[in-house]
Amino acid sequence: MSEDPKQIAQETESLRKVAFFGIAVSTIATLTAIIAVPMLYNYMQHVQSSLQSEVEFCQHRSNGLWDEYKRFQGVSGVEGRIKRDAYHRSLGVSGASRKA
């Protein structure tokens, strides 16, 4: 087990390079995680709040449309939705002759 001092020095130097590289990679990964995780959280919070305001806007608009529809329905005196007469038109039956 008597090894050559040159071989021991060479092995020590190569292990020193591997250890330095490992420490450098782990330091960079740690710093990246420290910076990236809060930035990602902030971005996701921004996206979520933007989507929430969009959903609230859409709900407001759809409620306004439903109110307008109900008001128009009350003014016109129509009960419920009038379905299309596509089937009867294809048979040649008009709406006026069917209702009479």
If every Lys and Arg gets +1 and every Asp and Glu gets -1 at its Cβ, then about the Cα centre segment 7-67 yields a dipole, in debye to the nearest 20, of 240 debye
If all Cα-Cα distances of segment 1-42 are sorted into 5 Å bins from 0 onward, what percent lands in each bin, rounded to whole numbers? 5, 20, 13, 14, 10, 9, 9, 6, 6, 4, 3, 1
List the GluC sites (Glu not before Pro) in segment 1-42 that DSSP assigns to loop (not H, G, I, E or B) and whose Cβ has at most 14 other Cβ atoms within 10 Å. Which are they? E3
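None of the figures in this text is laboratory data; all of them are computed from the coordinates on show. Note that the structure is a prediction, hence the values are computed from the model and not measured. Because the Cβ atoms are built from the backbone with ideal geometry, glycine has one as well, and the counts that use them run over all protein chains shown.
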